[in-house]
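Structure first, then comments.
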Amino acid sequence: MLINYVMGIDLGTTNSAVCLWKEGEAVLIPNQWGEVLTPSVVGLDEQANLIIGRTARDRLQTHPGLTQASFKRYMGTEVLLTLGSRQFRAEELSALLLRQLKEDAENWLGQKLTRAVITVPAYFNDVQRRAVKNAARLAGLDVMRLLNEPTAASLAFGLLENREQKYLTFDLGGGTFDVSVIDMFEGVVEVRASSGDIRLGGDDFSQAIVQWMLSQHPELKTSPPGLAAELLAKAETMKQTLSHAAEAEASLEWQGRRWNWTLTEGQLAACCQPLLMRLQHPIQQALHDARFSLQDLDHILLVGGATRMPLVRQTVARLFGRFPRHDLHPDEAVALGAGIQAGMVMADAAVEDIILTDVMPFSLGIEVIKRHGNQIEPGFFLPLIERNTFLPVSKSQTVNTVSDNQPSILLKIYQGEGRRVQDNVFLGEMSINVPPRPAGELTVDVRFTYTLDGLLEVECRYDGSPMTARMVIEKVPGQMSEEQITASLQMLAGIKQPPRERYENRELLARCARLYERLLGDERAWIDRLTTEFEQALESQDPRRIASSKENAERFLQQYAEDAL
């Protein structure tokens, strides 16, 4: 019987991974290289063929104009990223990556997959979460749930330990930083509070090293893009070396000159000190909101590739007064949690007793005007849902008109904790027409509903109206319109993939491999020869040769019952 699987996808800044809940356990899926981590890098080769993952990452330094990485940081913005002569939004590059992850999982499993749980940073706002859903839609995926990354890691850790405990998940990835305080009891994984910084990650530590390198040799500050990419690669290598050595060296040759650097642990700590300081506030806020003290915590759990840095581990140990735990692979924990959540969506009996709760990591509200006597002052923030409220949640607030015969009310929606809206993040606005009344006489009930996916719905009803209108947020900066999504679908479908990477060809090679394992003697020799001919045809990229060898292989496969393959 064909199982309707749900993929668990960790869509990371540096690496991404896919996990399936299969036969009662979370299984990480290998890509075409046999690796469970796929670098989140998209590029084009010289023939404008699409390349993704390790091959693209290897060209970051040599072909910076044809390769893009760390595009997750631009999700939900209108920033355009260049690949060759074309420009892409972060959603479109993410869609290409998701499409590759989907194909890898399909090839491994041997069946089509369309449903997914996708992880996102806990501090992603509504626009960024919608951007992730749009990227999945462009990749042909139906998102069953968006899952916060530290919550996913906590779920994986909780299933591993499966006992009553309280712990803090410290998730420092390539581009984002998240903290969650977890209370686990009687099969319940309860997120008590979350906080974070979506502009802080391992990439920032690499950039800090680059700035230190430039401070040592200021003449390199005007270097071309190709050299800048090489400097970043040198910085990342030194960062990795300092994970197991007291100092790291790098050298660079350019235009007949040679530059050398020696970076010590102390120098790394000094140049990264501002970043280390930024780690403290989200931790303090999460503990405060959870009403936990350091002594209440049984464990500190490290997640994310950047937590491999001894500098980070030392900082965490110093902040908490104890050594953190890293039982789970830091790059795989989030994907494993996504796979467990996928099993829960599939209602698998092995995880039916697990209950996962989550919280909203930021406050949501609207702009209001305050009246001081005869004076009115705009720009104040009125929270409807406060941060770290348990999800799902639905809350309402009543507001009044401020002008006589006011024809409409403009609701401006913000995320943040500031008293003034100018200190918060603008998410969008919507307008509701109202009947003309004297100032203050007409009231409007505004209801915010925040789902487990972290998506916001707004409903409005003015006094005396029998109808409740669900309002769609419009004019949201960075959000793709339906027209843009349609155009992107057409554009992405037209991007060329090398013939070997196309799903139908990879699936045929997989069928040939399975039949080879089954057969013996002359029959095995025949399928070996046909497979070799097809592989060589794919390498030639000659459409006629590919079609001919493909037909020969399929004709041979048809001689055997499909269910026996």
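Some points to look at:
- Filter result for Val446 (in contact (Cβ under 8 Å) with a residue 40 or more places away in the chain, closer than 26 Å to Ser465 by Cβ, part of a strand (DSSP E or B) and more than 30 Å from the chain's Cα centre (by Cα)): yes
- Qualifying positions in the range 41-50 - out of contact with any His (no Cβ under 9 Å at 6 or more places or on another chain) and either polar (S, T, N, Q) or open to solvent by less than 20 Å² (accessible area, probe 1.4 Å) (or both): Val41, Val42, Gln47, Asn49, Leu50
- Listed by first and then second residue, the pairs linking a residue in the range 130-145 that is at positive phi to a residue that is buried (at least 23 other Cβ atoms within 10 Å of the Cβ) and assigned to a helix (DSSP H, G or I), with Cβ atoms under 6 Å apart and 6 or more places separating them unless they lie on different chains, form an empty list.
For (1) aliphatic (A, V, I, L, M); (2) in contact with a Lys or Arg (Cβ under 9 Å, 6 or more places away or on another chain); (3) surrounded by fewer than 22 Cβ atoms within 10 Å (Cβ to Cβ); (4) closer than 23 Å to Glu230 by Cα, each residue gets a yes or a no:
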{"site": "Gln32", "(1), (2), (3), (4)": "no, yes, yes, no"}
{"site": "Glu35", "(1), (2), (3), (4)": "no, yes, yes, no"}
{"site": "Thr38", "(1), (2), (3), (4)": "no, yes, no, yes"}
{"site": "Gly53", "(1), (2), (3), (4)": "no, no, no, yes"}
{"site": "Asp58", "(1), (2), (3), (4)": "no, no, yes, yes"}
{"site": "Ser70", "(1), (2), (3), (4)": "no, no, yes, yes"}
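- Residues of the range 33-68 that are among the small types (Gly, Ala, Ser) and in contact (Cβ under 8 Å) with a residue 40 or more places away in the chain: Ser40, Gly43, Ala48, Gly53, Gly65.
- Cβ pairs under 7 Å, 6+ apart, first in the range 315-337 and over 23 Å from Val351 (Cβ atoms) and among the aromatic types (Phe, Trp, Tyr), second open to solvent by less than 40 Å² (accessible area, probe 1.4 Å) and assigned to a helix (DSSP H, G or I): Phe323/Ala317
- Scanning the range 449-476 for residues that are in a loop (DSSP other than H, G, I, E, B) and among the polar types (S, T, N, Q), we see that the one that is modelled with the highest pLDDT is Thr451.
- Matching option when the condition is of a type outside the set (Asp, Glu), modelled with pLDDT under 95 and under 26 Å from Leu37 (Cα atoms), among Arg258, Arg308: Arg308
- Picking from residues in the range 259-286 that are in contact (Cβ under 8 Å) with a residue 12 or more places away in the chain and assigned to a strand (DSSP E or B), the one that is most open to solvent (accessible area, probe 1.4 Å) is Thr262.
- Answer residue from the range 310-333, given it is outside any loop (DSSP other than H, G, I, E, B) and among the aliphatic types (A, V, I, L, M) and is most open to solvent (accessible area, probe 1.4 Å) among those: Leu319
- Failed criterion for Ser94 (all others in (1) in a helix (DSSP H, G or I); (2) more than 25 Å from Gly343 (Cα to Cα); (3) hydroxyl-bearing (Ser, Thr, Tyr); (4) under 17 Å from the mean Cα position of the chain (by Cα) hold): (2)
- Sole residue being polar (S, T, N, Q), modelled with pLDDT of 95 or more and open to solvent by less than 30 Å² (accessible area, probe 1.4 Å), chosen from Ser195, Ser223, Ser206: Ser206
- Residues in the range 145-169 that are of a type in the set (D, E, K, R) and part of a helix (DSSP H, G or I): Glu149, Glu161.
Let's see how each residue does on (1) surrounded by fewer than 20 Cβ atoms within 10 Å (Cβ to Cβ); (2) touching a residue at least 60 places away in the same chain (Cβ under 8 Å):
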| site | (1), (2) |
| --- | --- |
| Gln415 | no, yes |
| Gly418 | yes, no |
| Val421 | no, no |
| Val425 | yes, yes |
| Glu429 | yes, no |
| Asn433 | yes, no |
| Glu441 | yes, no |
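- Residue within the range 378-395 that is over 35 Å from the mean Cα position of the chain (by Cα), of a type outside the set (Phe, Trp, Tyr) and in a strand (DSSP E or B) present: yes
- Any chance Leu168 is in contact (Cβ under 8 Å) with a residue 40 or more places away in the chain and farther than 22 Å from Met75 by Cβ: yes
- Pairs with Cβ under 8 Å, 6+ apart, first in the range 513-539 and buried (at least 17 other Cβ atoms within 10 Å of the Cβ), second outside any helix (DSSP H, G or I) and not acidic (Asp, Glu): Leu515/Tyr560; Leu515/Leu565; Ile527/Leu519; Leu538/Pro498
- Residue check for Leu101: modelled with pLDDT of 90 or more, in a loop (DSSP other than H, G, I, E, B), open to solvent by less than 40 Å² (accessible area, probe 1.4 Å) and in contact with a strand residue (DSSP E or B) (Cβ under 8 Å, 6 or more places away or on another chain): no
- Residues (open to solvent by less than 30 Å² (accessible area, probe 1.4 Å) and not aliphatic (A, V, I, L, M)) located in the range 392-410: Thr401
- Hey, Ile366 more than 24 Å from Gly175 (Cβ to Cβ), outside any loop (DSSP other than H, G, I, E, B), in contact with a helix residue (DSSP H, G or I) (Cβ under 9 Å, 6 or more places away or on another chain) and open to solvent by less than 20 Å² (accessible area, probe 1.4 Å) or not: yes
The values are calculated or read from the model by the stated rules, or taken from the named source; none is laboratory data. All of these numbers come straight from a predicted model, not from anything done at the bench. Virtual Cβ from ideal backbone geometry, glycine too; neighbours counted across all protein chains shown. Just the protein is used for accessible areas: all its heavy atoms, side chains included, with ligands, DNA and RNA removed. Shrake-Rupley method; radii C 1.70, N 1.55, O 1.52, S 1.80 Å.
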